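Derivation of every value follows stated rules applied to the coordinates shown; laboratory data play no part. What you see is a predicted model; the values in this text were computed from it and never measured.
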Amino acid sequence: MDFHITAAEEALVLHVAALVRADRSPTDDDLADEMGDEVRPLLQSLLQKGWLVVGKERGLTLSVIARAAVSSR
């Protein structure tokens, strides 16, 4: 896992974490509809860095390590 993320990536991780806490598992399309297509490269980067994982029905969620990092904030 790459712990070096940009401020924009961090904001997106926190947003996804809030959605997951609200019992939503957004897809990349859901987030693009909400935030614009410019979110897609950030999502791809976070997937490659190990912060996000694809869960059930293409929904995005935080990886185990990302959940620990977010909960310790």
Starting from the Kirkwood radius over alpha-carbon pairs of the chain, derive D by Stokes-Einstein at 4 °C in a medium of 1.567 mPa s and give it in µm² s⁻¹. 108
Multiply the residue separation of Glu10 and Asp37 by 0.36 nm, subtract the distance between their alpha-carbon atoms, and state the gained length in nm to one decimal. 8.0 nm
Do you know the relative contact order of the chain, to the nearest whole percent, from alpha carbon pairs under 8 angstrom that are 6+ apart? 35
Is it possible to state the helix-based mean residue ellipticity at 222 nm for the chain, with each DSSP H run of 4+ residues giving -39500 (n - 2.57), the sum divided by total residues, to the nearest 500 deg cm²/dmol? What is it? -17000 deg cm²/dmol
